[in-house]
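What follows is one structure encoded as structure tokens, with my remarks underneath.
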Amino acid sequence: MLELAVAHALYERYPSFSEGRLAKIRSQVVSRRACAAVAEALGLGDKLRERGALPSEEIERLAENRNVLAALIEAALAALFLEHGFEPIEQPIVEAFSEQIAYAASHDIDYKTELQEALARRRSQVAYVVVSAEGPPHARRFTCAAVVDGRELGRGSGRTKKEAEQAAARQALTALEEERVKTGGEVSGS
């Protein structure tokens, strides 16, 4: 429902943006980083500290963990949806994420940096490999792969190597998120 509320708001706010740009913005707004920032702004980390039944140092670590904060906002939204349905909570969701929407709409998304940060938490690194370069020099098209721990996690194409690497990083981030969802938590390095 978070993605639906954000997508609806983006479509209404930015009717001249291309579908691809809207998708990139939506992806950034609903990312773990953005969800954690909203959870922090809403004081969910503080609420966890108040209600914690674990040792204080463990609660403190959890209350500051980006993945935990993102999971808290997702759980809170799910509970609100189950209690009230989608329509009554759509606008409050958009309001809570309005800063994230404005930022994503006005800044280029750097998937390579986002991927590098995600991999640093796993103690992994990414290497970008040019898979192909086709076409004449004035109209070259590059395809690059994002390789993590010897495994290709993403592949993308673009008019420049940088564009191709960004596309590969975006696909790798999606693959990491899918792995995280399948395993029910943080994906560890190989």
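For the reader, a short list of remarks on this structure follows.
- Within the stretch 51-67, residues that are over 15 Å from ARG121 (Cβ atoms) reach partners that are basic (Lys, Arg) with beta carbons closer than 6 Å, at six or more positions or on different chains, in the pairs ILE59/ARG49; ALA63/ARG49.
- Evaluation of GLN28 against the conditions (1) closer than 19 Å to GLN91 by Cβ; (2) within 15 Å of the chain's Cα centre (by Cα) shows that the sole unmet condition is (1).
- Residue check, ALA96 open to solvent by less than 60 Å² (accessible area, probe 1.4 Å), more than 12 Å from GLU165 (Cα to Cα) and modelled with pLDDT of 95 or more: yes
- Positions within the stretch 103-152 being small (Gly, Ala, Ser), part of a loop (DSSP other than H, G, I, E, B) and touching a residue at least 12 places away in the same chain (Cβ under 8 Å), in sequence order: SER124, GLY150
- Residue within the stretch 8-18 that is closer than 28 Å to ALA175 by Cα, outside any helix (DSSP H, G or I) and touching an Asp or Glu at 6+ places or on another chain (Cβ under 6 Å) present: no
- Selected residue (criterion: farthest from VAL129 (Cα to Cα)) from residues of the stretch 155-172 that are in contact (Cβ under 8 Å) with a residue 24 or more places away in the chain and open to solvent by less than 30 Å² (accessible area, probe 1.4 Å): ALA172
- Checked against the criterion of being crowded, with 18+ Cβ neighbours inside 10 Å, over 20 Å from ARG26 (Cβ atoms), out of contact with any Gly (no Cβ under 7 Å at 6 or more places or on another chain) and among the small types (Gly, Ala, Ser), the stretch 59-79 has no qualifying residue.
- A single entry from ALA133, ALA120 fulfils the requirement of being at pLDDT below 90 and either over 27 Å from ALA34 (Cα atoms) or among the small types (Gly, Ala, Ser) (or both): ALA120.
- Qualifying residue in the stretch 113-122 (condition: within 30 Å of CYS144 (Cα to Cα), open to solvent by 80 Å² or more (accessible area, probe 1.4 Å) and touching a Leu at 6+ places or on another chain (Cβ under 7 Å)): no
- Across the stretch 153-176, the number of residues qualifying as farther than 18 Å from SER27 by Cα and assigned to a strand (DSSP E or B) comes to 2.
- Of the numbered criteria (1) under 16 Å from ARG170 (Cβ atoms); (2) surrounded by 15 or more Cβ atoms within 10 Å (Cβ to Cβ), the one HIS107 fails is (2).
The values are calculated or read from the model by the stated rules, or taken from the named source; none is laboratory data. Quick caveat: nothing in here was measured; it's all calculated off a predicted structure. Please note: Cβ atoms are built from the backbone with ideal geometry, for glycine as well, and neighbour counts cover all protein chains shown. Please note that ligands, DNA and RNA were not included when accessible areas were found on the heavy atoms of the full protein model with its side chains. Shrake-Rupley method; radii C 1.70, N 1.55, O 1.52, S 1.80 Å.
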